[in-house]
Amino acid sequence: MTIKADEQGRYVVVNTLLNTTDVTLVDQISGRLGDSGRLVYFAVKDGMQPHDLTGQDAFIRAKDAAGKIKQVTGISERIKPSAGLMSMYLPAEFYQASGPVEEAYLAITNTNDGSIVSSVPLTFNVIENNMIITSNGSKDYIDQIDSFVEAMRGKVSQLSNALDTQGQSYVALNKALDVYVDLIGKNAVATLGSDNVFNGNNQFSKPITGTVTSAVQADNAATADTAKVAHKTDDDTGWLDISKNFISPAAGTAKIRKRNGIVQLIIQAVTGYYVGNKLPNGNQLLKLPWKGSAGASYPGEYPFVYNGAAGALSIMDDILIVHWVTNPSSDSNVHMYATLTYIATD
């Protein structure tokens, strides 16, 4: 059931104790297609009592009318944490597709470990704007991943500065990168998945796995690590839809991305997870394209919220499993949402 949010002056009231099937309509988040962003003031309450935000943070996650995932993390201003008063800024990426969002929620998290303390389902609308002309469609946007990309760019910039101290300019590096990109496009350099022929003397500092044809003096490569750092291009799979990988009877939406060995997984609106109040298939939920543990003895543990209480996911080889939940339920209307990051082991 959709419930219009109450207002408390400039603040919109969100109640953490609403039924998990209720959705709070927040008109203050609604905007027009192409808006540059919106600052929204929240009064978070536990029923009639203010929710104390001391030691806590928040994020808003949504799937827009085009089915693209959006997420913004962090409180913009902690106006009065003990009274639950805060503001959050929703960037322009939230207003790239007109129509009501498919799903959205506000999550309150613990700043120490990132675990979700409470979550409130939300809904809002992006109004069509006939005054603008744009060919840019809605794209997935997760601010934490964008921040990670910027951090990686910063490391590349630091590497460029180090090369400058050795007499090579930043401009020269950019030109060299352009040359390498051009060579890759012409298959003039070695690439993964291709047959590569090396005519010169090549050195490798690490053991070579597999078969080396006609290998001569291939056991000395003191400079290989430096070359790898200087010329490595960005390894990014992009967002992959693996919703078909849910293990029956579980079903839902799942997107995954691997970037330089780091995997980001988002699952939303997962149902069929409990049958007769029991876990089927040995708790198996989703088959992953990349392994996340060294084996069954090292499954790891990733916290999430299910049915309003804490739970934990684990990865055993390439299978995502439900490790445990506090409040199990056989109600098909209870959905599971989770985001986790792990290091690929293959």
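Every read-out reported here was derived from the displayed coordinates using simple, explicitly stated rules and does not represent laboratory data. Predicted model only: the values in this text are computed from it and were never measured. Positions of Cβ are backbone-derived with ideal geometry, glycine not excepted, and every protein chain shown enters the neighbour counts.
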Worksheet, complete the sentence: Phi-derived 3J(HN,Hα) across the stretch 11-27 with the Karplus relation (6.51, -1.76, 1.60, θ = phi - 60°), rounded Hz, x for Gly and Pro, is 9, 9, 8, 10, 9, 6, 9, 5, 4, 5, 8, 8, 10, 8, 7, 10, 5
Worksheet entry | Relative contact order, percent, the stretch 299-346 [alpha-carbon distance under 8 Å, six or more residues apart] | 35
Fill in: Cα centroid of the stretch 1-70 to Cα centroid of the stretch 238-257, whole Å
27
Worksheet item: Between Tyr89 and Asp331, what is the spin-label point distance in nm, taking each point 7 Å from the Cα along the Cα→C-beta axis?
Response: 3.8
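Taking the Cβ-Cβ separation of Ser194 and Asp241 as r and a Förster radius of 30 Å, what is the calculated FRET efficiency to the nearest 0.05?
0.65
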Worksheet entry | Under the Karplus curve 6.51 cos²θ - 1.76 cosθ + 1.60, θ = phi - 60°, whole-Hz ³J(HN,Hα) for the stretch 319-330, x wherever Gly or Pro sits | 10, 7, 10, 8, 6, 6, 9, 7, 10, x, 8, 9
Worksheet item: So who's got an amide H within less than 5 Å of the one on Ser87, skipping anything under 5 residues away but keeping other chains? H placed 1.01 Å off N, in plane.
Response: Phe42, Ser76, Glu77, Ile79
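Trypsin sites (Lys or Arg not before Pro) within the stretch 1-91: which are DSSP loop residues with at most 12 other Cβ atoms inside 10 Å?
For trypsin sites (Lys or Arg not before Pro) across the stretch 1-91 that sit outside H, G, I, E and B with at most 12 neighbouring Cβ atoms in 10 Å, the list reads Arg10.
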Fill in: Given Lys63/Lys139; Lys139/Lys291; Lys139/Lys258, the pairs whose alpha carbons are separated by over 22 Å
Lys139/Lys291
Worksheet entry | Stretch gain in nm, segment Asp27-Arg78, where the contour uses 0.36 nm per residue and the Cα spacing is subtracted | 16.2 nm
Practice prompt. Step through the residues of the stretch 106-113 one at a time and calculate ³J(HN,Hα) from phi using the Karplus curve (6.51 cos²θ - 1.76 cosθ + 1.60, θ = phi - 60°), rounding each to whole Hz and writing x for Gly and Pro.
Written response: 9, 10, 9, 10, 7, 5, 6, 10
Practice prompt. Enumerate the amide H contacts of Phe204 below 5 Å, restricted to partners 5 or more residues apart or on another chain; note that Pro and chain-start residues carry no placed amide H.
Written response: Asn220, Ala221
